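We did not get these values from a lab; they are worked out from the coordinates using the rules stated. None of the values given here were measured: they were computed from a predicted structure. Cβ: placed from backbone, ideal geometry, glycine included. Neighbour counts: every protein chain shown.
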Amino acid sequence: MPSDTNGLYIDSEIGSLRKILIHSPDGGIGKIIPSTFADNLYDDIVHLKNMQKEYNHYVKLLLYFLDPDKIAYINEYQKNSAINKRGNCFIPGKKEYFNSDKVLEAQNLLEEIVKDEKVRLRLVSAICSYEESSFAIQQKLEAIEDPAYLARVIITGILPSKEDRDEEYIFPPIPNFIFTRDIGIMIKDHILLSRMATTARKRESLITKFLALYYFFKDQPNKIIEIIEDCDFFLYEELERKQQFVSIEGGDIMMIHPKHLLIGCSERTSPNAVNEMVHTIFSKELGIEKISVVKIPMKRAQMHIDTIFTQVKRNVWVMYGRYSENILKAESSIKMSYLNKVMHSSFHNEIDETEILQFYKNETENYQRNKDYLVKGKLPGLESLLRQISEVDFGCAPDDVTIIYSGNNVFPHDDREQWTDSCNVVALKEGVVIGYDRNDRTSAAFKNVGFAVMTTTEAFEKFEKGLSPQSLENTLILLPSAELSRARGGSHCMSMPLLRDRIG
C-alpha cells in the first residue's frame, strides 16, 4: 500500500488537514483590465488590496488549524504594523513572512528551488521559451541573484521599477494561480500534474511541474503522474486533434475515499484526458478499486465538478440542486477503449445533463487496457452518486445521509449562490468547512441541519479566548468574500491539500 513517508498523502476530502499548498493574491491580479477579462478567466475588476485582506483571513484560519504556533508571531507583526507600518507577514518574499512548513506558499517554494543555479536556469529558460520572450529578457532573469525577487517576477510577470521608472511587464499575469486546487492533485502518495485547458494558466502548469520535480518529489520522481497526448498527436487533422487533446484541472478530481476516485469531464478537463487518467490510475498499485466519471455541461458557471458539489462529512454534502436528479445514462456494458467516444458523444450539448460512468478495477487479474470495467446498473442522478458514496464507501445508513443545497434549493438563490461558490467548501477536519459569507441562503441551509455558522472574525475571537480550533464540530466558517468571489473560486479552489489524516 502507498505510504506517507515524505509527508504527502491524501486518501479523502475530509480527513483532518495537516499540510496544504496555497498562493496569496499577487500583483498580477491588479493589472487585469476589462478588455482582457475573457483571456484571464475573470468576470470583473478585483480590488487587489481588499482581496488580499480577505485572503489574510483564510491564511490565518488555516494556521490556527494546521500550525497554531505561528499565530502569536502573526499577531505580533499585525500589532506592530498598525503602529509603524511594518510589513505584511502574509506576503511571501518579505522578511516578516510567517514561513510555515504546514501552510505552504507556492511563491515561497519557488524561491527555495531557484536557489539551485541549475534549476533556476532551467526554469527561466523553460518559461521564456513558452512565453516567447526575447533573449534580452532571458538574460535579465538569469542575472537576478535574489531568489525571492526572481520567484515574484516569474509569477507576476512584472519587473519592479527602479529609480522611479515605470514597471516593466515581461509576461502576462497568471491571476488564477490563487486557485491551487487546479494545479495538481494528490492521489494517495502520488501527485497528478494538471495540464491547464486555457492559455491564461499554462505558466502555472510549468511552475507546478518544477515544484513537483525539485521540491515535493525530488527524490521520488516516479511518484509524479503526467498525462499527455500520444506521441503522434501532431500528425492528426484538426478535428481529430481536438478529440485527442488532453487538459486536466484539479477541480475535476477528488480522492473521495481510499478506494474510490472521482473524475470530472467538464469545460476544463477533456474526454481524452479522462480516458487516459482512468487507464493510468488503474495501472498503478494505489489501492483504488473504483473510478466514477462525472460529465457536466460545458458552462462557465460550472467549470469543474467542485463548483457543483463538495463533501462536508462522510454523510453530508453540499451541492447545486439543479444537477441532483438530471438524466443520467450508464450503459450496462461498454469497453474502456470507448470511454473517449462516449464522453464526446454528448459533450458539446447545451442541455443541462449530467452523465456518470463508473468503473471497477478487477483485482483477480492484471489490468488490461481494453478490459471492461464499467459498473452494471444505472443511477438516477448526481445526488444518487453522493448518497452511494456515503452509503457504500463509508457505510452510512441511508437515513443519515444529508444533502445541503445551494441557496437552500430555492430559485433564483440557488443559481446566484452557486455562482459565488456556495458548493465549493474545503474541510479543515471532518464536519468543519470553510465557505463564503455572502451565500446567506446556503448558510441558512447549513443551520437548518444543525451546523453552527460563524465568521472568521467570530472564530478568531473564540480562539483567542481559549477555544481549541480542533474542538469544533459541525461548523461552517465564513470568509469575507466581496472581492475573493469575483475571481470565481471558493475555498476548495484555493487549496491544494498535501497531507490529511487517513480516515480509516
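Does the stretch 237-308 come out rounded, prolate or oblate by the C-alpha gyration tensor, with a ≥ b ≥ c the root eigenvalues, rounded set by a/c under 1.5 and, if not, prolate when a/b is larger than b/c and oblate if not?
Verdict is oblate for the stretch 237-308.
Add +1 for every Lys or Arg and -1 for every Asp or Glu among the other residues with Cβ under 12 Å from the Cβ of residue 486, and state the total.
With Lys, Arg at +1 and Asp, Glu at -1, the neighbours total -3.
Mind checking which aspartates and glutamates have their C-alpha under 18 Å from residue 19, skipping anything on the same chain fewer than 8 residues away?
4, 11, 67, 69, 101, 105, 112, 182, 189, 430, 501
Note down the nm distance, to one decimal, between modelled labels 7 Å out along Cα→Cβ at residue 95 and at residue 47.
3.2 nm
With a/c under 1.5 counting as rounded, go ahead and sort the stretch 16-99 into rounded, prolate or oblate using the C-alpha gyration tensor (a ≥ b ≥ c being the square roots of the eigenvalues; past the cut-off, prolate if a/b is larger than b/c, else oblate).
Note, shape of the stretch 16-99 comes out oblate.
Along Cα→Cβ, 7 Å out, is where each label goes; now give me the distance between the ones at residue 139 and residue 284 in nm to one decimal.
4.3 nm
Exceeding 24 Å between C-alpha atoms, which entries from my cross-link table qualify? They are 115/209; 218/284; 209/290; 290/313; 53/447.
209/290; 53/447
What does the charge count around residue 19 come to, taking other residues whose C-beta lies under 9 Å from its C-beta (Lys +1, Arg +1, Asp -1, Glu -1)? All intermediate terms of the calculation are to be shown ahead of the outcome.
Details: positive: 18, 102, 500; negative: 101.
Charge balance in the 9 Å sphere: +2.
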